[in-house]
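The values are calculated or read from the model by the stated rules, or taken from the named source; none is laboratory data. What you are looking at is a predicted structure, and each value in this text was computed from that prediction instead of being measured. Glycine gets a Cβ as well: all are built from the backbone with ideal geometry, and neighbour counts include every protein chain shown.
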Amino acid sequence: MMKLDERLPIELKSLLNIEIEDDLYPLSKPISEFEVRLACRVICLDEHSFCFAHIADNNPFASSDYLETSGGGLETGETHLQCIKRELEEELGIIVDPICYLGKAVSYYNLISRKNVSYFYLVRKIGETRLNLSKQERDELHLSQFKAEVESCVAAYKEKNLKSKAGSLIYRRDVPYIEKALEVIYSYGLY
């Protein structure tokens, strides 16, 4: 695991590490030839809600209207904490403090020939800043912030994501970490 550049308030003894196969799209080339992308993803607690990215797109991979944990690719030389803070400021316009590392998901996306290695964190919103979406996020993905009440966030994910293949793959990747985040916030009295 790559390291954050500071210690986290909570260090879990049991981390979640999963691998998600893509059985919804045909294999486009051998998995050994897939592009590998390292990313940080977050479950962001904002008082009684979680903040997610809402994608309203219409392309072959990501048919419209699904939710996704916010985050993105690690840039060269960037720590996980730097990536988390940059992505949340850009995508959702929020400033966060990390709470804990939840684990790692390895997911395969056959249609785009990519293997994602995603490091999941639970963070807390502490402020707001100016939204700074990329042209693709703004014009193609129509990315926006979606808040779901803590008690109903998994149901909201299910309702939005299970309508499409891409949403279903993201549901499989994200929901185990959302459930782990729920376990942490209830166990540590963060909610």
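Side notes on the structure shown:
- Residues of the stretch 159-187 that turn out to be at pLDDT 95 or above and basic (Lys, Arg), as a count: 3
- Of all the listed residues (Ile84, Ile95), the sole one being surrounded by fewer than 22 Cβ atoms within 10 Å (Cβ to Cβ), touching a Gly at 6+ places or on another chain (Cβ under 9 Å), touching a residue at least 12 places away in the same chain (Cβ under 8 Å) and hydrophobic (A, V, I, L, M, F, W, C) is Ile95.
- Annotation for the stretch 52-67: no member residue is more than 25 Å from Ser168 (Cβ to Cβ), without any contact (Cβ under 8 Å) to a residue 60 or more places away in the chain and more than 10 Å from the chain's Cα centre (by Cα).
- Applying the criterion of at least 3 residues that are farther than 17 Å from Ser49 by Cβ to the strands (runs of 3 or more DSSP E) found wholly in the stretch 83-191 leaves 94-109, 114-128.
- Exactly one residue out of Tyr109, Tyr191, Tyr177, Tyr121 is under 24 Å from Leu27 (Cβ atoms) and in contact (Cβ under 8 Å) with a residue 40 or more places away in the chain: that is Tyr109.
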